[in-house]
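First up is the structure itself, then whatever we jot down about it.
FYI, it's all coordinate maths here, none of it is from the lab. Quantities reported herein were computed from a predicted structural model and do not represent experimental measurements. All Cβ positions, glycine included, derive from the backbone under ideal geometry; neighbour counts span all protein chains shown.
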Amino acid sequence: MSSDTAIEVRGLRKSYGGTLAVDGIDLDISRGEVFALLGPNGAGKTTTVEILEGYRHRDGGTVAVLGQDPANAGRNWRARIGIVLQLTSEPELTVGEMVSMFAGFYPLPRDPGEVIELVGLGGLDARRGNQLSGGQRRRLDVALGIVGRPELLFLDEPTTGFDPEARRQFWELIAHLASEGTTILLTTHYLPEAEALADRVAVLASGQVVALGAPATLGGRVTQDAQVSWEAPEGRRTLQTATPTKVVAELSGQFGGEIPGLAVTRPSLEDVYLELIGADR
Amino acid sequence: MTATSVSRSGTSPADAVLPRLPGIWRTGLVRGRLEVRAFFRERQSVVFVFALPAILLVLLGSIYGHDTAVRGVTVGQLFTAGMIAGGIGATSFQNLGLTIAAERERGTLKRLRGTPLAPSAYFVGKVILVFVCTIAEVIVLVAVGMVFYHLHLPTSVARWWTLAWVFILGTIACSLVGIAISSLPSSATNSFPVITLPFLVLQFISGVYVPFNNVPPWLQHIAAVFPLKWMSQGLRSVFLPAQAAALQPGHAWQHGQTALVLAVWIAGGLVLCLMTFRWRPRGDG
């Protein structure tokens, strides 16, 4: 394993009472990369991440996270990772008390005040857990995950329940952390999130990786046939082609310039994704 | 910042210079301070765990308190000694059982498990919580007894010594059993039948709510298996005049037996904790 590798997974398997949740997954995630595990509920995303976080034991395969096996990694290893969990906050402790306490667990923490500001809870230091709104609790979860200045950050379905504004702010925060060099592994079933944040995406279905790559190229998206459609005199026509430019040039010749109602489309990430997870069912 | 870059650019984590983790005592102390703060902020724990024994002592005492139990000893004094044992059980056994079950259900324990916090530092925090609450509880109950029922502070070194060891052994035994039992409720809402109810029953048969000599013998035998009966007996020997020994089974304070039973519960409780403690709720991985 090279020092540029943050996570290396080979043949990971895990089953619950005879049901295979993770069925032979391989992953290589580089340092500084933002990597998304995308898939429907029950695809094995959370199980995979919890094995990498050291919360769950695996049935088979090898796993190295920051060079160590999470199944028996110690406190020094935990000091280098950050885990964002969506939890009920401590009802009686304030935002400031929680973030400062967690900072105290780590050897090189960020400044608690700066973290509170960074996640958008500025001015709410004295607010107790049971007085926070749902969105504010999620921000506190993020604060507790990043206050230890992790090299590798795990985010499991981080924006579930966010409104669009909060989600956009959260994406900016993740981009900021990534720009500082933090390696980020996130799971999501929300496509635009993977597209907006991730350098690379692995699509999981039924415990297996069914596609892997940059969001733009996922599932051969850029190389797949394009659709050219236009208003022909006899009605709307659509042509599936590997050479859309040539088709458009020919059409332009026929129409003597503008082509009425011209549209050139490639499958959206969503089309590709649905095909990928659907094909597996 | 420089140390971070050292650990990041190291060729492997093994030869990277890892910064030192914060010490167990320091983090334990920080956690303990916040645990105590959270305890006294929460109305439920303050009323139903901390204040309840004092409220019951005033209530029961005002009904039966001025009856004579034995020459020179009032029922109120009996109640006070017993209620101190009940109070120790409340702020150790009941408090830990309920709060840890709730922490497990909320995911607090899972979150802490994902940080470099040493598990021992978590328990240092709990020890601080229990001792601060329990000492405060004993002070409040002794004060109520002195104001309402002519309870006297121990006058001899021997009695203070008895108070010290009964308090310490009793608190440790109850705490360990409380930590162990916190794993039993499948959710925090199930805590009542698993933690609160047995503790309530035990208080009735161990000489806390009812003078022990009024408890039917078969129930006395059951109570004798558990620490609470021995704690309340030990505390009566601290706060009551010598002639109150006549009310005890065997007409003696049985200090040796008390220490032995508490020690056995500490050993058993520790083994139970080590075997059963879970960071996550049951059925979750």
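A few remarks follow.
- Cα centre as origin, Lys/Arg/Asp/Glu Cβ charges: the protein assembly as shown dipole, Debye: 2280
- Cβ-defined net charge surrounding B:Thr80, 13 Å radius [Lys, Arg +1; Asp, Glu -1]: 0
- Between A:Ser15 and B:Ile55, the distance separating the two model label sites (each 7 Å from Cα on the Cα→Cβ line) works out to 5.4 nm.
- Potential extension, B:His66-B:Leu200 segment - 0.36 nm per residue separation minus Cα distance: 45.8 nm
- Among A:Gly61, A:Ile29, A:Val99 - extreme Cα towards positive end, dipole of the stretch A:12-107, charges at beta-carbon: A:Gly61
- A:Asn41-B:Thr155 pseudo-label distance in nm [points 7 Å out on the Cα-to-Cβ vector]: 7.2
- Burial ranking of peptide ranges A:248-257, A:62-71, A:37-46, B:90-99 (average Cβ count within 10 Å, highest at the top): B:90-99, A:37-46, A:62-71, A:248-257
- Per residue of peptide B:111-121, the mean number of Cβ atoms on other chains within 10 Å of the residue Cβ is 6.
- Cut-off 15 Å between beta-carbons: net charge of the residues surrounding B:His255, Lys and Arg +1, Asp and Glu -1: +3
- Shape category assigned to chain A from the gyration tensor of Cα positions, a/c cut at 1.5: prolate
- The ranking of B:Met275, A:Met101, B:Met146 by Cβ neighbour count inside 10 Å, starting from the fewest, reads B:Met275, B:Met146, A:Met101.
- Taking the charge dipole of the stretch B:20-276 about its Cα centre, with +1 at Lys and Arg Cβ atoms and -1 at Asp and Glu Cβ atoms, the residue from B:Gly107, B:Leu260, B:Leu272 reaching farthest to the positive side is B:Gly107.
- Model label points for B:Val264 and A:Glu231, set 7 angstrom from Cα along the Cα-to-Cβ axis, are 9.5 nm apart.
- Neighbourhood net charge (12 Å Cβ-Cβ; Lys/Arg +1, Asp/Glu -1) for A:Thr243: -1
- A:Ser133/B:Arg278 FRET efficiency (R0 30 Å; Cβ-Cβ; nearest 0.05): 0.45
- Taking a straight line from the alpha carbon of A:Lys14, these lysines sit under 27 Å away, with near neighbours fewer than eight places off in the same chain left out: A:Lys45, B:Lys110.
- Degrees separating the helix B:119-149 axis from the principal Cα axis of chain B, which is the longest one: 20
- Choice from B:Ala158, B:Ala242, B:Ala51 with maximal GNM fluctuation in chain B (Cα, 10 Å cutoff): B:Ala158
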